[in-house]
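Enquirer: One structure follows; several queries about it will come next.
The values are calculated or read from the model by the stated rules, or taken from the named source; none is laboratory data. This one's a predicted model, so the numbers in the text were calculated from it and none came from an experiment. Neighbour counts run over all protein chains shown; Cβ positions are idealised from the backbone, glycine included. We work out accessible area using only protein heavy atoms, side chains counted, and drop any ligands, DNA or RNA first. Shrake-Rupley method; radii C 1.70, N 1.55, O 1.52, S 1.80 Å.
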Amino acid sequence: MNIKEKLEKYLGKSITESGNKEIYFSLVKLCNELSAERKTPETKKKLYYISAEFLIGKLLSNNLINLGIYDRVKELLCENKKSLSEIEECEIEPSLGNGGLGRLAACFMDSIATLGLNGDGIGLLYHLGLFRQSFKNNMQTETPDYWMEEEGWLIDTGKEYEVDFGGKKAISKMYDILVPGYEKNLSKLHLFDIKSIDENIITQGISFDKTNIEKNLTLFLYPDDSDEDGRMLRIYQEYFMVSSAAQLIVEEAQLRGCNLYDLNEYAAVQINDTHPAMIIPELIRILCEKGIDFEKACETVQKTCAYTNHTVMAEALEKWNGIALQRTLPKMMEIIEKLDEKVRKKYSNEDLYILDDHKRVHMANMAIHYGYSINGVAKLHTNILKTSALNSFYRAYPHKFNNKTNGITFRRWLLKANPCLTGFIAELLGDDFKRDASLLKGLEAYKDDTSVLEKFADIKLGNKRMLKEYLAKEHNISVDENSIFDIQIKRLHEYKRQQLNAIYLIDKFLEIKEGKLPASSITAIFGAKAAPSYVAAKDIIHLILTLSKVVENDEEAKKFLKIVFIPNYNVTNAEKLIPACDISEQISLASKEASGTGNMKMMLNGAVTLGTLDGANVEIESLVGKDNIYIFGASSGEIATKIDSYNPKSVWENNPRLSRALDFITCPEMINAGNKERLERLKINLSESDYFMALYDFEDYKKTKNKMIEDYKDKTAWARKMLMNTANSGYFSSDRTIEEYNNDIWKLGKI
Ligand code: 26V
C-alpha cells in the first residue's frame, strides 16, 4: 500500500473529504506504523537516559522528516488541496519540560535513535505540561496546559509496575513514544503514569490538592515546590519514576542474560541532573532483594550509573529533607544512610558527605560517589565544577570528571525550522551535511562570494517576514522586517539577565527622545516564562511589558524602537523565532549559565551572538572567531573575585545614564502604565542588590550592542558573519555530543 492508500484507509474516506484534524490523526498513525517497522539495534549493553523532563515539541513534521516521507506527504496533501503547515497546527505541543534541560533530553533522543544506539529514554507522563502563559495587565497569568488526546503519539504498552511508597502501593503504567532516527533506526521514550490519576482534582488555574498523591502524582510537570506539600509531591514523583525505571532496567537486563552481579555490563544509566538520582538506592534495593549482598550491590550500581550536572546554582541543587524522606520512603532513607556511612568512613571532608547536619540529603553528592562518571555540559562549566563548585569531589575522584559540551538536533533546528536555508545549503554542498553536520564547514569557501552572501541575507529576510506574519496573525503585533531583530528567548531568571537588556532599552528610548537615533531601527523580542512563585522574575516581565506600552505610545520613538514580548514561549514558537533572529542575546552573568542551547540554535540559523564569556558562548567564540561574535562583560574569573563585595550603588552613582535609566522604572509614565508595587520593588532590587551584577556589565553591554547595530548597516559584512556562524556550528550537533557520551561513558559496544 502506498502512503495515499494507507492514509485513506485510516480516514475511511478520501483526503479531500477529510478535515485537518482527521488528517493529522491519520498521519500520526502512519508515522507510528512506519516507525514500528524499524528495528532497534541490539547490543549486550543498553543505555537508559533517565530524565524528569523531555521537552519534545510537536512531533509530526520531525517524524515525517526522519522517516523520509516529508516531501511526499507535503506533495500529496497539496494535490488534495490541503496544507501540511495547517495540519501541523492541529498538533498540541506537549510541554513536558521547563527549558534547556528538558529540550536537551529531547535532542539527545533524536541523536541516540539516529546513531543507532541501543538506548531508550525514561521519564514521567505529566498530564499537564508546563503552564500556559498569557499576559493580563502587563503581568503573567498561568493556566493549565492540556495536551493529551485520545489518538495522539502515546502508545499504551500494557506494561505495569508496582511502586511501594513505604507500604502504600501504587501502579505505574508504561506508555511509549516512538522516536525514529534520521533515515533509519528507532528508539523509544518510555513515560510512566500513575494508574489512579484523576484530572478532576484541579481546582482553579493550576491549583490542585497537592497532598492527594494517588490522584495527582503525574498530573503536573514540577509543581511549585516552594511549599512543603509541593516538595513532598516532587519526592513522590521522582521515586515513582526511578522505581518504575529500575524494575524495567532489571527486567530487560535479565531477559538478555544478565545475572545482576554483572548489571553494569548490560545497562548504562545516565542520570539527567539529580532528579532521577534515587535510581541509585533503588537499584541497590532491588539487587539486595534478589539476593546480592549490600557491598556487592553498591559496587555494581556504582559501575552502572553516570550523572550529568546542569547547573552550579546552589538553590537548584536538590537537597531533600531526610526526615520527610524517612517518613515517606523509609527503605530509601535506610539505604541512603548506609551510603553516607560508607562515605564518612572513607573521607573526613564534610563537603563530601551525603547527609548534612540538618539531615538533608545532597542528591548530587550521592550521585557522584555512587556513579562512575560526572560530566558538565560545556568546557567552562566543567572547569568550574572541577575548580570550585565540586572541587572536593574532583580531588577525591579526578578520573570520574569529564566534559560533554551540549548539542542540538539539526533535524529539528535546521531541516525542520529553516527549510529555505536548508535547501540553499544543499544546493551549495549537496545533502551529506544532513547526516554529518561538520560538513557545514564547507560553506566557508563561499564567504567572499557576494551572490551567496546576498542569498543568505534574502533567506533571513524571508524568515523575518514569516515571523512578522505570524506575530500579526496570532498576536496582533506589527513589526518591521527591515529593522534589526534582537531576540532573547529563554526562561526568565535573574542570572540570565533579561533586566540588563531592559535597562538598555530604557536608555535607548530616552536617547531617541533626545534625538539621538539608533543606526538601525530595533525590534527587541522577548519570550520567557517565569516560575509561578518567582516574584523577581515576574517583576522583570512586568517591566518589559510596561516599557513596551510606553514606547508604543510615543509616536516619535516607536519609529525606531519596538519591544515585543511574545506570550507562552515554547518549542513551537522557538521554531519560528530562531530562523528570524539577527542578534542572539546570550547575556548571563559569566559562570552562571552552564551551557545554553538556544545560543547554538541561533548560531546555526545565522544569528550573530551578543554574549558574555559564559557556558557554550566560550566555545562559539573560538569556533567563529572574534570577527563573528560580540563579546562583552566581566569574565567568570573576575566575577568570582568581585561578587561577594559587589555594591551596585557604586556603579550607578558614577554613571548618570544608568541612574537615569533606573529612575525611569518608577517615573510617572511607567507607574501610570504599570503596577507601582512591582516597579518599585524591581527598582530597589536592581539598585540595591543586583545579585547578578547587571549594572556592573551595563556600560560594556551598551557599547558592544551599539557597535553591533552600527555594523548591521553593512549588509555584505553582516551576511558574511551569518554565513560564518552557520558554517562553524557543526560542532554543536547533538550527534557529536552523543557520540562522545557513548565513547567515553556508555561504551555500548558493537552490534
Ligand atoms: C533552576 C533553578 C530553579 C530554582 C531557582 C534557581 C535555578 C537555577 C537554575 C536552574 C536550572 C536547573 C537545571 C537546568 O535546567 N540547567 C540548564 O541545563 C541546560 C542543558 O544542559 C543548559 O544548557 C543550561 O545552561 C542550564 O541552565
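Enquirer: Check 741, 696, 691, 731 and return the single one that is of a type outside the set (Gly, Ala, Ser), under 27 Å from the mean Cα position of the chain (by Cα) and within 30 Å of residue 539 (Cα to Cα). Let's see the steps before the verdict.
Expert: Values: 741 fails: within 30 Å of residue 539 (Cα to Cα); 696 fails: under 27 Å from the mean Cα position of the chain (by Cα); 731 fails: within 30 Å of residue 539 (Cα to Cα).
Among 741, 696, 691, 731, only 691 is of a type outside the set (Gly, Ala, Ser), under 27 Å from the mean Cα position of the chain (by Cα) and within 30 Å of residue 539 (Cα to Cα).
Enquirer: Select from the range 586-611 the residues that are within 13 Å of the ligand (Cβ to nearest atom), small (Gly, Ala, Ser) and more than 16 Å from the chain's Cα centre (by Cα) and list them in ascending order.
Expert: Of everything in the range 586-611, those that are within 13 Å of the ligand (Cβ to nearest atom), small (Gly, Ala, Ser) and more than 16 Å from the chain's Cα centre (by Cα) turn out to be 590, 591, 611.
Enquirer: So residue 726 ticks every box in (1) closer than 30 Å to residue 444 by Cα; (2) out of contact with any strand residue (DSSP E or B) (no Cβ under 8 Å at 6 or more places or on another chain); (3) in the same structural domain as residue 560 (by TED's automatic domain parsing); (4) among the β-branched types (Val, Ile, Thr) but one. Which box is left unticked?
Expert: (3)
One line per residue, one yes/no per condition, for (1) open to solvent by less than 10 Å² (accessible area, probe 1.4 Å); (2) assigned to a helix (DSSP H, G or I); (3) more than 30 Å from residue 385 (Cβ to Cβ); (4) free of Cβ contacts under 8 Å to residues at least 60 places away in the same chain:
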residue	(1), (2), (3), (4)
610	yes, no, no, no
662	yes, yes, yes, no
666	no, no, yes, yes
701	yes, yes, no, no
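Enquirer: With the structure loaded, tell me whether residue 524 is modelled with pLDDT under 95, over 21 Å from the mean Cα position of the chain (by Cα) and on the phi < 0 side of the Ramachandran plot or whether it fails that test.
Expert: no
Enquirer: Residue 246: surrounded by fewer than 24 Cβ atoms within 10 Å (Cβ to Cβ) and under 33 Å from the mean Cα position of the chain (by Cα), yes or no? Steps first, answer last, please.
Expert: Working: surrounded by fewer than 24 Cβ atoms within 10 Å (Cβ to Cβ): no; under 33 Å from the mean Cα position of the chain (by Cα): yes.
It is false that residue 246 is surrounded by fewer than 24 Cβ atoms within 10 Å (Cβ to Cβ) and under 33 Å from the mean Cα position of the chain (by Cα).
Enquirer: In addition: If you check 64, 130, 76, which single one turns out to be outside any strand (DSSP E or B) and either closer than 27 Å to residue 595 by Cα or polar (S, T, N, Q) (or both)?
Expert: Values: 64 fails: either closer than 27 Å to residue 595 by Cα or polar (S, T, N, Q) (or both); 76 fails: either closer than 27 Å to residue 595 by Cα or polar (S, T, N, Q) (or both).
So the residue among 64, 130, 76 that is outside any strand (DSSP E or B) and either closer than 27 Å to residue 595 by Cα or polar (S, T, N, Q) (or both) is 130.
Enquirer: When you scan the range 115-137, how many residues do you find that are of a type in the set (S, T, N, Q), open to solvent by 10 Å² or more (accessible area, probe 1.4 Å) and in contact with a Ser or Thr (Cβ under 9 Å, 6 or more places away or on another chain)? Before the answer, list the steps.
Expert: Step one: of the range 115-137, the residues of a type in the set (S, T, N, Q) are 118, 133-134, 137.
When the remaining residues are screened for being open to solvent by 10 Å² or more (accessible area, probe 1.4 Å), the result is 134, 137.
This time we only want the ones that are in contact with a Ser or Thr (Cβ under 9 Å, 6 or more places away or on another chain), so: 134.
Going through the range 115-137 one residue at a time, the tally reaches 1.
Enquirer: While we're looking at this one, here's another question. With in contact with a His (Cβ under 6 Å, 6 or more places away or on another chain) and either in a strand (DSSP E or B) or among the polar types (S, T, N, Q) (or both) as the only criterion, which of 122, 171 stands out? Spell out how you get there, then give the answer.
Expert: Values: 171 fails: in contact with a His (Cβ under 6 Å, 6 or more places away or on another chain).
Checking each option against the conditions leaves just 122.
Enquirer: So, residue 379, is that one more than 15 Å from the ligand (Cβ to nearest atom) and either more than 14 Å from residue 312 (Cβ to Cβ) or basic (Lys, Arg) (or both) or not?
Expert: Details: more than 15 Å from the ligand (Cβ to nearest atom): no; either more than 14 Å from residue 312 (Cβ to Cβ) or basic (Lys, Arg) (or both): yes.
When the stated conditions are applied, residue 379 does not pass them.
Enquirer: Open to solvent by 10 Å² or more (accessible area, probe 1.4 Å), in contact (Cβ under 8 Å) with a residue 40 or more places away in the chain and within 21 Å of the chain's Cα centre (by Cα) - does that describe any residue in the range 538-556?
Expert: There is at least one residue in the range 538-556 that is open to solvent by 10 Å² or more (accessible area, probe 1.4 Å), in contact (Cβ under 8 Å) with a residue 40 or more places away in the chain and within 21 Å of the chain's Cα centre (by Cα).
Enquirer: Same structure again: Hey, does the range 526-537 have a residue that's open to solvent by 50 Å² or more (accessible area, probe 1.4 Å), assigned by TED's automatic domain parsing to the domain that holds residue 593, assigned to a helix (DSSP H, G or I) and among the hydrophobic types (A, V, I, L, M, F, W, C)?
Expert: Within the range 526-537, one or more residues are open to solvent by 50 Å² or more (accessible area, probe 1.4 Å), assigned by TED's automatic domain parsing to the domain that holds residue 593, assigned to a helix (DSSP H, G or I) and among the hydrophobic types (A, V, I, L, M, F, W, C).
Enquirer: Another question about this same structure. Please list, ordered by first then second residue, the pairs with beta carbon atoms under 8 Å, 6 or more apart or interchain, first in the range 583-597 and part of a strand (DSSP E or B), second modelled with pLDDT of 95 or more and open to solvent by 10 Å² or more (accessible area, probe 1.4 Å).
Expert: Within 8 Å, the pairs are 584/598; 586/593; 586/596; 586/598.
Enquirer: A further question on this structure: State which residue is farthest from the ligand (Cβ to nearest atom) when the search covers only the range 617-639 and only residues that are out of contact with any helix residue (DSSP H, G or I) (no Cβ under 7 Å at 6 or more places or on another chain) and free of Cβ contacts under 8 Å to residues at least 40 places away in the same chain.
Expert: Applying the filter and picking the extreme gives 626.
Enquirer: A follow-up question, please. Checking residue 614 against (1) within 20 Å of residue 411 (Cβ to Cβ); (2) open to solvent by less than 10 Å² (accessible area, probe 1.4 Å); (3) within 10 Å of the ligand (Cβ to nearest atom), which single condition isn't satisfied?
Expert: Result: residue 614 passes all but (1).
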